[in-house]
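Pasting a structure here, questions to come.
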Amino acid sequence: MDLTPEEIKRYARHLAIPNFGIPAQEKLKAARVLVVGAGGLGSPLLMYLAAAGVGTIGIVDDDQVDLTNLQRQILYGTQDIGQSKVELAQQKIKAINPLVQVKIYPERLTRHNAKKIIQDYDVVADGTDNFSTRYLVNDACVLFNKVNVYASIFRFEGQVSVFNYLNADNERGPNYRDLFPEPPPPDLVPDCATGGVLGVLPGIIGSMQASEVIKVITGVGAPLAGRLFLFDAADFSTRTLKIKKQASTNISELIDYDIFCGIKEENPSGYQELSPTAFHELQENLAAYHLIDVREPAEYSIDHISGSQLMPLSSITKRLAEIPDTGKIIIYCQSGLRSKRAIQQILKHKKITHLFNLTGGLSAYRKAFSKK
């Protein structure tokens with residue numbers, strides 16, 4: 001795919017690099033990269049891929065910009081709060097480089113739509129923040145023969161690797177399951193909303209991830225295939241670990257990853273889901289209920305539903321006596337996931353017949369209704 005005179009001028013600093021030049025830039029122009037997640041990692045990743053001249057960029061994300069995103073998600077500003085991330089990302093990428101084609105998917109990647117979305121791309125860059133989607137992205141890349149450029153962040157720490165890389169011998173390298181065959185227990189590793197993340201860390205790690213995508217596409221340099229790069233911003237230390245393929249790793253289909261990661265039960269019972277609309281009707285009708293917030297104190301101090309009792313998930317089993325045995329009990333968290341875990345723990349010790357999980361948590365409630 002030949003470069004135009006405008007492209008030759010735009011990418012002049014790339015063309016001046018020995019062993020890169022026009023051939024590598026033409027590979028970038030012809031490449032199709034899917035970015036899963038347009039948040040902290042996705043922001044620098046998308047900006048640098050666009051600036052570098054990747055011909056087609058796809059973006060998958062069903063989220064809207066929230067005020068708490070702005071501490072690290074540099075693709076967005078205060079004026080963007082409440083708007084679709086993928087739509088904003090498309091606009092801003094085109095402003096960076098109008099020569100790039102941008103396709104957006106304002107939906108969550110699932111086992112049902114993964115093949116339809118991923119099959120049209122050469123490389124998938126995983127910028128997600130949860131284990132369910134990481135395993136989904138990995139398994140889909142293995143099944144559909146795509147390279148998975150992975151990155152993750154937590155507090156001060158970041159990781160980068162290249163999974164399912166096609167080596168010179170035409171064999172695929174290690175994938176995410178070779179490194180992590182099983183997910184950690186759902187209560188062991190909190191997400192960024194719970195555990196926090198240093199604002200500059202996604203910029204550092206997302207830029208490294210973009211570098212790996214560029215190396216995979218152009219063949220210039222040695223990608224992190226079979227290696228895991230670890231970075232700690234607290235003391236600025238780094239390590240690189242080798243990853244070996246495991247004979248026991250076998251991926252034959254896409255599964256229910258929420259069940260696999262312990263986020264939901266295979267046959268959930270003992271409680272009901274309560275939609276934000278149904279809960280709002282209870283509020284409007286002044287109905288009697290007991291509302292429990294299972295997030296952490298810092299999250300509660302930022303925003304909570306009026307009348308809720310703070311009872312963090314980490315302490316729920318020690319405070320069972322505070323939960324009424326009768327009446328309508330409603331549990332909520334930020335997204336509806338931790339509240340389900342809390343309910344599972346409660347039901348192991350108490351028999352409550354009117355136990356409800358607020359579907360989508362505080363995020364869904366705030367999206368549907370103004371602050372009360």
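The values are calculated or read from the model by the stated rules, or taken from the named source; none is laboratory data. Nothing here was measured: the structure is a model prediction, and the numbers come from that model. Cβ sites come from the backbone with ideal geometry, for glycine too, and all protein chains shown count toward neighbours.
For segment 68-127, give me each residue that is of a type in the set (Gly, Ala, Ser), in a strand (DSSP E or B) and touching a residue at least 40 places away in the same chain (Cβ under 8 Å).
ALA125
May I ask you to say which residue of PHE163, PHE156, PHE131 is hydrophobic (A, V, I, L, M, F, W, C), farther than 15 Å from GLY39 by Cβ and modelled with pLDDT under 95?
One residue alone meets the criteria, PHE131.
Kindly indicate whether GLU7 is modelled with pLDDT of 95 or more and in contact with a Leu (Cβ under 9 Å, 6 or more places away or on another chain).
Yes: the conditions hold for GLU7.
Among the residues of segment 230-243, what is the count of those that are within 30 Å of ILE117 (Cβ to Cβ) and not aromatic (Phe, Trp, Tyr)?
2
Scanning segment 145-159 for residues that are within 21 Å of GLY219 (Cβ to Cβ) and surrounded by fewer than 24 Cβ atoms within 10 Å (Cβ to Cβ), which turns out nearest to the chain's Cα centre (by Cα)?
Within segment 145-159, the match that is nearest to the chain's Cα centre (by Cα) is LYS146.
Test each condition in (1) surrounded by fewer than 21 Cβ atoms within 10 Å (Cβ to Cβ); (2) under 17 Å from the mean Cα position of the chain (by Cα); (3) assigned to a helix (DSSP H, G or I) for TYR48 and report the one that comes out false.
(2)
Right, next: Against the condition out of contact with any Cys (no Cβ under 6 Å at 6 or more places or on another chain) and surrounded by fewer than 16 Cβ atoms within 10 Å (Cβ to Cβ), how does GLN101 come out, does it pass?
Judged against the criteria, GLN101 is a match.
Just the residues that are modelled with pLDDT under 95 and either surrounded by fewer than 19 Cβ atoms within 10 Å (Cβ to Cβ) or among the aliphatic types (A, V, I, L, M) (or both), please, taken from segment 184-202.
If the condition is that a residue be modelled with pLDDT under 95 and either surrounded by fewer than 19 Cβ atoms within 10 Å (Cβ to Cβ) or among the aliphatic types (A, V, I, L, M) (or both), then PRO184, PRO185, ASP187, LEU188, VAL189, PRO190, ASP191, ALA193, THR194, GLY195, GLY196, VAL197 are the ones that fit.
A further question on this structure: Kindly evaluate PRO44 against the criterion of being over 27 Å from THR133 (Cα atoms) and modelled with pLDDT of 95 or more.
In short, no.
A follow-up question, please. In the list LYS351, LYS318, which residue meets the criterion of being of a type in the set (Lys, Arg), modelled with pLDDT under 90, over 24 Å from ASP63 (Cα atoms) and not assigned by TED's automatic domain parsing to the domain that holds GLY195?
When all the criteria are applied, what remains is LYS351.
Can you name every one of the helices (runs of 4 or more DSSP H) wholly within segment 197-302 that holds 3 or more residues which are in contact (Cβ under 8 Å) with a residue 12 or more places away in the chain and in contact with a Pro (Cβ under 6 Å, 6 or more places away or on another chain)?
Output list reads 201-218.
Cβ-Cβ below 7 Å, separation at least six or inter-chain, first residue in segment 321-350 and over 23 Å from LYS367 (Cβ atoms) and without any contact (Cβ under 8 Å) to a residue 60 or more places away in the chain, second among the hydrophobic types (A, V, I, L, M, F, W, C) and assigned to a helix (DSSP H, G or I): which pairs?
Sorted first by the residue in segment 321-350, then by its partner, the pairs are ILE323/ILE346; GLN345/ILE316; ILE346/ILE316; ILE346/LEU320; HIS349/LEU320; LYS350/LEU320.
Looking at (1) modelled with pLDDT of 95 or more; (2) hydrophobic (A, V, I, L, M, F, W, C); (3) closer than 29 Å to PRO23 by Cα, which is the only condition ALA168 fails?
Unmet condition: (1).
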